[in-house]
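These notes concern the structure reproduced below.
The values are calculated or read from the model by the stated rules, or taken from the named source; none is laboratory data. Just so we're clear, the structure is a prediction, and the values are computed from it rather than from any experiment. So basically every Cβ, Gly included, is an ideal-geometry build from the backbone, and we count neighbours across all protein chains shown. Surface accessibility is based on the protein's heavy atoms, side chains included, excluding ligands, DNA and RNA. Shrake-Rupley method; radii C 1.70, N 1.55, O 1.52, S 1.80 Å.
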Amino acid sequence: MAMAAVTLLLLSLLALYGTAVVAEKNSVDGLPPFCGNYECPKYQVLKTYNTFELRRYDAALWVTTRLDTDMFGLGIMKSFRRLTNYINGQNTDGASIKMSVPVRATVPLLDQSINATMSFFVPTAIVNPPAPNDPSLYLESYSPTSYYVRSFSGFALKSDYEKESKALTEDLVALGLAYDVNFGIAAGYNDPLTFFNRHNEVWFRSLDH
């Protein structure tokens, strides 16, 4: 149920994503091909399982805002627009920041009083990113963190995300792997105009590494 909310949000994010990102075939040196021609967070694969990976992500900065939800998806559009405004110069330096991937949605799974959030990865070249002009945005600094990640391809519908999320949690439980049950993370890499080699992910933070 709560994880289904993650998948529904991600589906909406992908539709919006096309307003800012058009996938390209070339990839950035040293980054996974599914990141396309955009920078994405660097990571090392600590272990490969049959259906998912354990990844150790480098320290990273993200710009984040609350993820507004409503019946018609207008709130999600507003959240996305706040983030794109920030990278398009609505910050204390008036600086334009290159688009990156993925768009990330973090959704509380147990405590519904906690806001869901939407985030853009801040490119690593920006060591001291400018503060947002919009007080509803904030910068987050993450230390190196490990995640269990399940990837899947294709044009994913809500039911596909639900299936993949459920499969990942079932595998983690079956293998006795401890993960953060409080939050689910969905990461979208492609716009709706990308027809081939699409990449979608669901993450859970590892408590073992």
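Remark: the Cα gyration tensor places the range 51-119 in the oblate category, a/c being 1.5 or greater and a/b not exceeding b/c. Here the simple spin-label model places points 7 Å from the Cα toward Cβ, and for Arg56 and Leu175 these points are separated by 1.6 nm.
In this rough spin-label picture, where each label sits 7 Å from Cα along the Cβ direction, the Phe195-Lys42 distance is 3.6 nm.
Relative contact order of the range 142-209: 50 percent, from C-alpha pairs under 8 Å at least 6 residues apart in sequence. Over the range 51-209, accessible surface divided per residue gives 48 Å², non-protein components excluded, 1.4 Å probe. Could you please state, rounded to a whole Å, how far the C-alpha centre of the range 43-59 is from the C-alpha centre of the range 136-208? Their Cα centres are 12 Å away from one another.
What percentage of the solvent-accessible surface of the range 76-135, computed with a 1.4 Å probe over protein heavy atoms, is contributed by carbon and sulfur atoms?
Working: 1460 of 2860 Å².
Roughly 51 percent of what the probe reaches on the range 76-135 is carbon or sulfur.
Placing +1 on the Cβ of every Lys and Arg and -1 on the Cβ of every Asp and Glu, with no other charges, gives the range 43-117 a dipole of roughly 160 debye about its Cα centre.
Computed extension length for Thr84-Asp160: 24.6 nm, one decimal, from 0.36 nm per residue of separation with the Cα-Cα distance subtracted. For Glu39, the residues whose amide H sits under 5 Å from its own are Val101, ignoring neighbours fewer than 5 places away on the same chain, with H placed 1.01 Å from N. Once the chain from Tyr49 to Asn128 is taken as fully extended at 0.36 nm per residue, the excess over their C-alpha distance is 24.8 nm.
Restricting to Cα pairs below 8 Å that are 6+ residues apart, what does the relative contact order work out to for the range 28-180? Please round to a whole percent. Could the numbers behind the result be given before it?
Working: 231 pairs, mean separation 43.9, N = 153.
Across the range 28-180, relative contact order equals 29 percent.
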